[in-house]
C-alpha cells in the first residue's frame, strides 16, 4: 500500500464497533440473498422437487397421493364417520398405514370432527397413553387419582361431560405398546365408549400382531370396530406413484426402470418412493433427464448401502446367505418375496429341505412364531433390500461394476 493510500485510510472517519457489526451483518445478508449461479440453482430446485415428489420419510396427507388405498379409505370413513365405530388399521411397516390415517384425519376434520393424534411409545402404561388425549379434550390438565393407576372408567367419567363435539383419537404405532394390561384397557375403553354412546372414536394403527392382542378377551368389541388391513399395493398403483412423482420433477422413467423398481419394491410405497428418489438424484449427477436402468440400479444400490449402515448385522447375514447359496437363489427369492408381499410366510412357502436350510441360516434376522406358523423379518423393511442385494448378485455380470458397488463385495466373498 502506498503512503498516499495509508494517509487517506487514516483520514477516514473510524467506525464504532456497533457500526462495524452492522456493516458485517449487512454484508452477510446480501451474500445470503444473492442469487445462486443458474447451474446450482437449477440442481437445488430439482433436488427439492424430488424430495417432495418422492417423499419416503413423511406420510402423505392428500387423498390424491394415496395410490392404491381408495377402498381402504372408503371403508375407514364409512366405519368411523358414518357408523360411529372404532377402527384398527394394520399392515407391514412401509405399507402406508400412517398415510391412510393422516388422509382420513383430514377428511374427518373437514366434516367437523376434532382429531387428536399421537405416536405410542414403548413401555407406556394405559395412563401414560391416554392422559394427553383426555387433557387435550378437556382443554386443561386433569387431576387424576394419585393413589392408583388410571383405568378406563376414570377416562369415561372425565370425558363424558366434555364431548359436545365428536372426537377421533389416533393411536399411531400401537404395536409398540407391549404392556398387556395397557392393551386390555384400550379395548375396554373402546367398548365402554360405544356402550355409553359417547362420540369419541379410537383409531389404532399398527402391525398385524396388534389385532389379536387388542381384541383378545373382548370378542364383543368386534361389532364396534372396523378392521382395515393394509396389504401391498398393486403394480398399477406403483406405476401411478412413479408417474406422478416423475411428472412433478420434470423427468421420465424408462419401462425397464419402472419394472425393476416394481419388481424390487414388492408393493411397498415406502420402497417405491425411496428407490425413485435416489434414482432421480443419480440422474442429476449424470446431467440427464430420463431415469434409465443404470441410474435406477445406482439409486437402489445407494438405498441398500444406506440401509446397511443402520442394520449392519442383517446386511452381513444376507450377503453371506446369498454368496453361500448361489445354486439356490430362486428359493431365496421365493422366501424373501413371499414375506415382503404378505408381511409373513407360512410352512407352505418352504416345503423343501433346502428352504428349511436357508431359513435356518437366516434365523437371527427372523421372528419365528411356530404356534401360528408365521415367519417374519425382525426388520420389516429388510426384505426389499435383501431382494435388491440378490438382484445385484444375479445380474452382476450384466451391470456396470461402477454402478452397483454391492457386486464387488459379492465377488470378493465368492473369491475368498
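No lab work stands behind these numbers, since they all come straight from the coordinates. In this text, all values refer to a predicted model and were calculated from it rather than measured experimentally.
Max-minus-min Cα coordinates of the stretch 83-133 on each principal axis give 33, 27, 18 Å, with the largest extent listed first. Computed from the Kirkwood radius of its Cα pairs, the Stokes-Einstein diffusion coefficient for the stretch 153-278 at 20 °C and 1.002 mPa s stands at 121 µm²/s. Working from the Cα coordinates of the stretch 54-146, the gyration tensor eigenvalues give, after taking √(5λ), semi-axes of 27, 17, 13 Å in decreasing order.
Each semi-axis of the equivalent ellipsoid for the stretch 310-355 is √(5λ) with λ an eigenvalue of the Cα gyration tensor; in descending order they amount to 19, 15, 8 Å. Along its three principal directions, the equivalent ellipsoid of the stretch 218-309 from the Cα gyration tensor extends over semi-axes of 33, 15, 10 Å, largest first. The alpha carbons of the stretch 69-230 occupy a box of 46, 33, 27 Å along the principal axes, longest dimension given first. Values of log10 I(q)/I(0) for the stretch 267-370 across q = 0.12, 0.13 Å⁻¹ run -0.52, -0.60, by the Debye formula with one identical scatterer at each alpha carbon and no solvent. Distance between the C-alpha centres of the stretch 92-129 and the stretch 266-297: 30 Å, rounded to the whole angstrom.
Could you give the Stokes-Einstein D for the stretch 235-415 in µm² per second, using the C-alpha Kirkwood radius, 37 °C, 0.692 mPa s? Roughly 195 µm²/s, to the nearest whole number. Over the stretch 323-387, the ratio between the Cα radius of gyration and 2.2 N^0.38 Å evaluates to 1.01.
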